[in-house]
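Data first, discussion second: the structure below is written as structure tokens.
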Amino acid sequence: MYKIAVSMFAVSLALLSCDKEPLDPLTFQTNLVEIVEGDVNSSVKMVFTASSVPSDDISVKYEVREKTARSGSDLIATSGTLEFIGDSKEAFFELELVGDDHFELLEYFEVVLDYGPTIVFTVGIADDDAVAEAVEDADGFITPAEYPSMALVWGDEFDGNSLDLTDWTYEVGDEWFNNELQSYTDLPENLRVEDGKLTITALEELGKYTSARIITQDKVEVKFGRIDIRARLPKGQGIWPALWMLGANINEVGWPACGEIDIMELVGHQPNVTHGTAHYEDNGHKYRGMLKTLSSGDFSDKYHVFSIVWDRNYITWYLDGQPFNTLSSSQINNYPFNNPQFFIMNIAVGGDWPGDPDETTVFPQHMDVDYVRVFQ
């Protein structure tokens, strides 16, 4: 069954063509701006209401147009005529929805009314199916290499014996934010690719710390999708691994206005706790986040899958297919997360949040990443 998410909600009208004068100075609103798909085929009544009773009976042509929602797999695209007759301000048509039992991202279609100017309504189709959970293998949790109705648009399986520099760039240097202590290098002792995984290693020698940090800036930038990263994490006082993203427009607008999505952060003195957080500009730096604690063991014991489902106006964080945090554009001002972002992977040492290493910290510490995958 479908659900009406917003009843009699006036959407804004897009006037795309003014080739002919309207018959009456009418505007229209629709009863639907979002529909929940359901598991089986169904229909929904799309009602259009005129701003006043037309002075004469009028016919308004309509057309359902594909956008990210596709005819045959999400809905049945159709066209016809809305008849406003007599004293009625309302006319409707039945829209056929195609249901299924697998998770999909939020999708959109358009209904175009031809009444003098062309009037466009954008309607979303939300999914009521659960995100596929991870399953356990011998090394930990793992997610599928493909999902129904979503395509793999980018990923790195870390095959071969070196970092793919067409997608990734090393960031190197000694000066970093948050009073971190490490120097990032491009040396093999701090980063290597072998046996189907990427390994970042934090080292200590004579009180100096080295590690690695890689980014996809100007090479791989994504906007929306399901993102899965399978990783095994380091631990210890002062150890700070992160799998995260920054807005691709950071050089133009700066941080935090560009937006930051932390898919996974961990502070090593809490090795059984992962954090999913968003940072943004709202009269200064603001952030919203939640943590997820393992019921047993810690994140160094085996692989876990850290995921987000990122769509227009919302982000949901998952651990092994279980949701634990959601952010909506309605919760903050200056929402930056409808723009492209690039990936970052690193282990920081020390800093304001985790504190510095102490006599309990064991080096080396490793973060193993089995894969990163983006589905849309």
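Peptides 74-86, 121-133, 307-319, 346-358 ranked from most to least packed, by the mean per-residue count of other Cβ atoms within 10 Å: 307-319, 346-358, 121-133, 74-86. Packing, taken as the mean count of other beta carbons within 10 Å per residue, orders the peptides 235-243, 97-105, 269-277 from highest to lowest as 235-243, 269-277, 97-105.
Listing Tyr209, Tyr62 from fewest to most neighbouring C-beta atoms within 10 Å gives Tyr62, Tyr209. Taking a point 7 Å from the Cα of Asp282 along the Cα-to-Cβ direction, the residues of region 312-347 with backbone N closer than 11 Å to it are 327-336.
Given a Förster distance of 30 Å, report the FRET efficiency between Ile76 and Gln331 from their Cβ-Cβ distance, rounded to the nearest 0.05. Intermediate results must be reported in sequence, preceding the final value.
Working: r = 35 Å, r/R0 = 1.16.
The calculated FRET efficiency here is 0.30.
Of all lysines in the structure, the ones whose alpha carbon falls short of 20 Å from that of Lys61, not counting any fewer than 8 places away in one chain, are Lys20, Lys45, Lys89.
So what's the back-of-envelope 222 nm ellipticity for the chain, counting only DSSP H runs of four-plus at -39500 (n - 2.57) apiece and dividing by all residues, rounded to 500?
Helix-only estimate at 222 nm: 0 deg cm²/dmol.
Extending 7 Å from Cα along the Cβ direction at Asn339 and again at Asp101 yields two label points whose distance is 4.3 nm. Net length available on complete extension from Val172 to Ile85 is 24.3 nm, with 0.36 nm assigned per residue and the Cα-Cα distance removed. Using the Cβ-Cβ distance between Asp298 and Leu165 with R0 set to 25 Å, the FRET efficiency from 1/(1 + (r/R0)^6) comes to roughly 0.15. Within the set [x] 1.20; [y] 1.08; [z] 0.95, the number that Rg/Rh (Cα atoms, Kirkwood Rh) takes when calculated for this structure is listed as [y].
Between Val222, Val44, Val305, the residue with the greatest mean-square fluctuation in the GNM of the chain (Cα pairs under 10 Å linked by springs) is Val44. When the chain is described by a simple charge dipole with +1 on each Lys and Arg Cβ and -1 on each Asp and Glu Cβ, the residue from Tyr314, Tyr170, Ile200 located farthest towards its positive end is Tyr314.
Among DSSP beta bridges whose residues both lie in region 135-375, state the antiparallel percentage, nearest 5.
Numbers: 81 of 84 bridges.
Just about 95 percent of them are antiparallel.
PRE reach from Ala257 (point 7 Å along Cα→Cβ): which of region 278-303 fall under 12 Å by backbone N? Under 12 Å, as judged by backbone N against the label point of Ala257, lie 281-284 of region 278-303.
Bear in mind these aren't lab numbers, they're just calculated from the coordinates by the rules spelled out. None of the values given here were measured: they were computed from a predicted structure. Please note: Cβ atoms are built from the backbone with ideal geometry, for glycine as well, and neighbour counts cover all protein chains shown.
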